Each structure stands twice: as C-alpha cells, then as structure tokens.
Amino acid sequence: MKRIRVHAFGGPEVMQLEDSNGLVPGPGEVLVRVAAVGVNPADTYMRSGSYGARNPALPYTPGSDAAGVVEAIGPGVAGVAPGDRVYTSSTLSGAYADYALCRTARIHALPERTSFAEGAAIGIPYATAHHALFALARAQRGETVLVHGASGGVGIAALQLARAAGLRVIGTAGTAQGLELIERQGAHLGFNHREPGYRERILAATNGVGVDVVVEMLANVNLDHDLELLAPRGCVVVVGSRGRVEIDPRRLMIRGASIHGLLLWNLSDSEIARIHDTLRVSLEAGTARPIVGLELPLGAAPEAHRRILEPGALGKIVLVP
C-alpha cells in the first residue's frame, strides 16, 4: 500500500509518499479501501507540530476524513460488511493512504447519491458545523446566523445546515467567486470580508439588532469584532483560530452574550454517532451537499497543505490515492 508519512514536524515538505506493508483489521476494526481523502486545516497544525496535546507521535500518517469501500472487517464487527460504501470521522492508521484502519464507531454509511470525493468532505466539516449550530449555539428557526469565512468546507456545511433548519443566513467570503458560491449554497446575504466597512453593512442588514449566532473560522482576526455584531444573548462559536486575540469583555457583558470553543476531538463516540445519524438524513435528502473545490493526487499532499491555508477557499480540497 501507499501512504503519506511524516517523520519530523515541519513544513509541508516533510510529508513523503512511501510504500508500506498492508493493514489487517483487529477486533472491532474495519479496513477501508480509500477512494478519496479530505484535507483539513487541523492536518496542517499537526504536521507542523503546533497542535499542542493533539500532536501525534512520530512517525505518522496524517488525516481523519476519507471515503471508500470496506475491504475487510475484524472480529466482533457488526453492521458493516465488505463492499459497503462508507466515510470516516477518524482513523487509526491515518487517512492519507490508499487503505485506512478505523474503529467501527467512526465508520458511517455513504449514501449512493454522494460521491466518494464528496464523502471525504463530510467528516470534520459537517460534524463541526452541526455541533456548532445545534449543540453549542442552540440555533432556532427564524434566528440569524453569520458564517464568517463561509466559502470553505466548514463554512459551506454551516450555510447548508442552517438554511435547511430555517435560519436566516449571512455569509462572508474574500473573493467574488467565493461570494457567488456561498449565495448558491444558501446564504441570504453575502459580504466581502476584505472590503472596508463590511461589518457595518452586516449590522445594518439586521436593522441594527445584530446576529444571534456567529460561526467563526478565524477568531484571531475577527473575534473582538464579532462581539459587536451580536444581538442580545447571542453567541460566537469558535471553530478556527491561528493565533492569539484580545477582546473587550464588556461587549459580552452588555449583551449577555457567550463564546463557545469547539474541537471535535472532545466529543464522545456516542455524540459523534448522533451527529452523523442526523447528517445521513440531510445527505439523503440533498440538503447537505459537500462542495469539492480541488482534487489532487495523494502524492501532492504538500501542495494541498499549502493551498488550504491560503485565503479565498472555494469548497473542499480532496486527495485521490
């Protein structure tokens, strides 16, 4: 089999495509023949060694999100059989490979209408968006949600899920193509977050009341400003940050507002299962429709890591073994 290996933390170039021995599933494990791999920002933080307690032991194969076909099952596995179309929400052996070992609890059925490339875009993005909106923010029909950085994988997922749940959706993007994309994916209003005064225009679009929920992808840049955009008792859910930020707590106090931090690694198997059970309904109904912006061969993982941190994201980056 072929897989990407990281033997030392560092830049994208530390990822090398290598040959290795095949994998054999143990008790409670499933071997997946990988057809597509989802690239996530968290993959880049781990590869650089900047993810703190979540840094993996070296050497390792990156990745948690993949889609493909069950190749083999280990002893004690039920509910999954060889030949099943599946996607993963984490792996034991790493997803950047042509085969991946997974625990049964982190294997999910992939609907026939969803391609493998789309399936690789579900795991982290859609689970993050769902947990942010409905578990942490407790968003309700008729409320207004601002998705900051809405043209990437998590942003598109949040737009689609919020729109399907009856929320008023405002999204931001940094390019004309990004704005066009988020409007196609359900945003009632779109704003270019590179233009001066865009925050004032968002506030004006709510008649000065503010938004009930902010799903924030870049808290180190936006968090303090987000607090000015909140309606009374509103909340910000931080799903991404690349550094430190200073905020004025009085903006929280005046509004009776809150900030929630989200990291999927903190969720239990049962919480993850509930999220993906709900997502399966959305996928089958077509209200959740992953957007793949770029497909690259597995050996181009370094290029994928460079691109995912560039501004102007348009959907999900996927590797194809």
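The values are calculated or read from the model by the stated rules, or taken from the named source; none is laboratory data. The model shown is predicted, which means the values in this text are computed figures rather than measured ones. Glycine gets a Cβ as well: all are built from the backbone with ideal geometry, and neighbour counts include every protein chain shown.
F9 meets each of the listed conditions (1) aromatic (F, W, Y); (2) part of a helix (DSSP H, G or I); (3) over 30 Å from D277 (Cβ atoms) apart from (2).
Within the stretch 72-93, not a single residue is farther than 28 Å from P25 by Cα, surrounded by fewer than 24 Cβ atoms within 10 Å (Cβ to Cβ) and of a type in the set (D, E, K, R).
Among the residues of the stretch 289-304, is any over 21 Å from P111 (Cα atoms), outside any strand (DSSP E or B) and within 16 Å of the chain's Cα centre (by Cα)? Taking every residue of the stretch 289-304 in turn, at least one turns out to be over 21 Å from P111 (Cα atoms), outside any strand (DSSP E or B) and within 16 Å of the chain's Cα centre (by Cα). Within the span defined as the stretch 31-40, one or more residues are touching a strand residue (DSSP E or B) at 6+ places or on another chain (Cβ under 7 Å), modelled with pLDDT of 95 or more and more than 29 Å from L314 (Cβ to Cβ). When each of R199, R163, R233, R184 is tested for being at positive phi and basic (K, R), the lone residue that passes is R233.
Just to be sure I understand, how many residues within the stretch 133-145 are touching a strand residue (DSSP E or B) at 6+ places or on another chain (Cβ under 6 Å) and either under 15 Å from S258 (Cα atoms) or among the polar types (S, T, N, Q) (or both)? Here the count works out to 5.
If the condition is being in contact with a Lys or Arg (Cβ under 9 Å, 6 or more places away or on another chain) and surrounded by fewer than 20 Cβ atoms within 10 Å (Cβ to Cβ), then the stretch 144-184 contributes A165, G166, G174, T175. For I291, the test of being touching a strand residue (DSSP E or B) at 6+ places or on another chain (Cβ under 8 Å) and either modelled with pLDDT of 95 or more or surrounded by 18 or more Cβ atoms within 10 Å (Cβ to Cβ) (or both) is passed.
Here R106 meets each of (1) buried (at least 24 other Cβ atoms within 10 Å of the Cβ); (2) touching a Ser or Thr at 6+ places or on another chain (Cβ under 7 Å) with one exception, condition (1). Whether a residue is free of Cβ contacts under 8 Å to residues at least 12 places away in the same chain and closer than 26 Å to F9 by Cα was assessed, and Y45 passes this test.
Of note, D269 satisfies the criterion of being touching a helix residue (DSSP H, G or I) at 6+ places or on another chain (Cβ under 6 Å) and among the acidic types (D, E).
Scanning the stretch 272-288 for residues that are loosely packed, with under 14 Cβ neighbours inside 10 Å and either on the phi > 0 side of the Ramachandran plot or not in a helix (DSSP H, G or I) (or both) gives a single hit, G286. Hey, among the residues in the stretch 10-65 that are acidic (D, E) and under 18 Å from the mean Cα position of the chain (by Cα), which one's surrounded by the fewest Cβ atoms within 10 Å (Cβ to Cβ)? Only one residue fits best here, namely D43. Among the residues making up the stretch 66-92, those that are farther than 12 Å from T104 by Cβ and more than 21 Å from the chain's Cα centre (by Cα) are V69, E71, A72, P82, G83.
The condition (being in contact with a strand residue (DSSP E or B) (Cβ under 8 Å, 6 or more places away or on another chain) and at pLDDT 95 or above) is satisfied by just one residue among N222, N207: N222. R138 satisfies every condition listed in (1) in a helix (DSSP H, G or I); (2) of a type outside the set (D, E); (3) not assigned by TED's automatic domain parsing to the domain that holds L17 except (1).
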